[in-house]
1. If the convex hull of the alpha-carbon atoms of region 1-154 is projected onto planes in all directions, what is the mean projected area in square nanometres?
2. If you roll a 1.4 Å probe over the heavy atoms of the protein chains, what accessible area per residue do you get for the chain, in Å²?
3. May I ask which residue of 476, 443, 491 lies farthest towards the positive end of the charge dipole of region 428-505, with charges of +1 (Lys, Arg) and -1 (Asp, Glu) on Cβ and the Cα centre as origin?
4. How many percent of Cα pairs in region 311-446 exceed 17 Å?
5. What is the distance, in nm, between label points placed 7 Å from the Cα along the Cα-to-Cβ direction at residue 311 and at residue 24?
6. Just report the Cα centroid separation between region 266-281 and region 449-487, whole Å.
7. What ranking, highest mean first, results for peptides 258-270, 360-372 when packing means the other Cβ atoms within 10 Å averaged over each residue?
8. May I ask which residue of 51, 77, 67 lies farthest towards the positive end of the charge dipole of region 47-104, with charges of +1 (Lys, Arg) and -1 (Asp, Glu) on Cβ and the Cα centre as origin?
Amino acid sequence: MGMAETQYDNASQRLSPTAHIYNIGVKEAKRRALITLANKNRKFASLHKKGIIHIHDLETYKHTYNCLQMDVLKGFPLERMSKYSEFRKITEIFYHYRNLIVKLGHEQSGGIGFPNFDEEISVLFERLSIADETNNLQILKDSIESFIDWSNEAHERICQYSFYVTLNLGLSTSKIGRYVTKCAIEYFMRTSLDVIKPNIIFKIKKGVNFLPEDPNYDMFCLAVKCTCKKMIPTYLLFDSNVNEMYDPWKVAIMGCRTKVVANIFGESRSIGRANIDYISINLPRISLEIELATLKLKKNIDKNIIKFKKKWTEIANSVKDILLDRYRVLLERKVNDFPCNYKYNLWDQDFKTANSLEEIFKHGTLSVGFIGLSEAVEILTGEKYYTSAANHARAIDIVRHMREVVDGFKDKHQLNFTLLASSGELISGRFPEEDKKKFNNNIINKGYYTNSFHVDVDSGMHPIKKIQYEGPFHEYANGGCITYVEFSSAPINNTDAIMEVIDAGNTNGINYLGINFPLDRCRSCGETGTFDGCPKCGGNNIHRVRRVSGYLEDLEFFTVGKKAEVAYRKPNDRINNRGE
Ligand SMILES: [Zn+2]
């Protein structure tokens, strides 16, 4: 593992003296974790080193879990705040939120979710007896805007990252809840392109916000308008057959796509639950091995698919063992190692009364991830999975098999194993880099692998078609997945196009949906749009924002693999063709 890995271990990267020292520490922590792992089983470490799998957040192995959908209400310090003035109560809600984010950001390795940002504030207004009068609404609005600004400005996580925060909202029909949604989305719409965080996920549900007669239909329209301008919000679809069985109030996801819902120890819910960790499997590598072994033979596609599934299962078994090991060593920590979780009781289970960490952490998920289904199928069959019905069926068959195997892990080990359509980040570039060392195939040469089960970014496929092709995979990826639709430029004023896409998502089994387009802003004159040089002042100091791994990021800070992917992206928007 070279320096490149520590340097680009996240979709975004900022350097500072602290970051420099941190990066050296990360490198050393990873090295040590791999040695420990190799001592347990040589194969575990070598699978990672060879790029057959990627153990995410390796540097925090045995120290912490990944990401949490916080239960912010249960341990909220109501008593402390009860004597404050109304002004102070409102501002302290957000002070508390910032406090939670900073502390959790250093206590865990991944994202921080608010499962119902609108309703939670509405409930806190009630519990703190804050009147919903004009003056207080103004304070609330200012506080939300200040909170959003802070989310963008605060690179307090190891002095280099802003925190990965996700606000799920859209369901609350109370006066305060609706006001929260309105303020957050309108502020996003109004502010410059620099404001790209936190990630906002709009929960869509008929009867609440999707149909013109629904009480929050106006909020949905506002959300779509904002997406047209800034790619935010993304959409969690509760009318889609993959989510319609869940209570939308209890289910939320991370901006990156991680989904924690089903639980063998209790009801299906996300609030107060975490993903413990995930490991991604390099699918193209498996195909490359099979291709190399059968080079001289006539291609027998169906035989190759069987071989692929068998080889994948073997690797997945090791992945499962590593995840189990990671889970077990995590349980050796003390409750005191998670002071913020403890103090504010952010999990569904009570930190204060639990007899062991196991009682809490067993509710988390252990995820087996994957990347590059498109390349894997292309290597095995000679064509993309979406060029024929037969190949599409093969691709679905592979993912269905993966899910069955992962369900088997869950049953056998009585832990919440899930199949995750991994977000690319580092691995989209790291895996082909490793594969190049051993294989010669032009599919590797473009420098990145296609995210999870996605259609290639340069397919130019019509958005509705893309949704139809990707839809069938969503039900299998129960650990989280997303479908993106790529527009050539901001579809401003074309809310119909976005609504059409969301509607297609609902009817094609899509779980989570994002709209992407290139967002550029001239740093000299402030002109925004999609351009190489500024069309207004001719300047070429351009700030470019793109979505990577679920979150919006500044293009300058992308990883090598993601930069390569962005260069290949082609729009899917014949719905909104502007002739690009
Ligand atoms: Zn300009």
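1. 11.4 nm²
2. Averaged over the residues of the chain, the accessible area is 37 Å².
3. It is 443, whose Cα lies furthest towards the positive end.
4. Percent of Cα pairs beyond 17 Å in region 311-446: 69.
5. Placing both labels 7 Å beyond Cα along the Cβ direction yields 4.1 nm.
6. Between the Cα centre of region 266-281 and that of region 449-487, the gap is 22 Å.
7. Highest-to-lowest ranking by the protection proxy: 360-372, 258-270.
8. Towards the positive end, the residue furthest out is 51.
The values are calculated or read from the model by the stated rules, or taken from the named source; none is laboratory data. Nothing here was measured: the structure is a model prediction, and the numbers come from that model. Positions of Cβ are backbone-derived with ideal geometry, glycine not excepted, and every protein chain shown enters the neighbour counts. Keep in mind that these areas ignore ligands, DNA and RNA; they rest on the heavy atoms of the full protein, side chains included. Shrake-Rupley method; radii C 1.70, N 1.55, O 1.52, S 1.80 Å.
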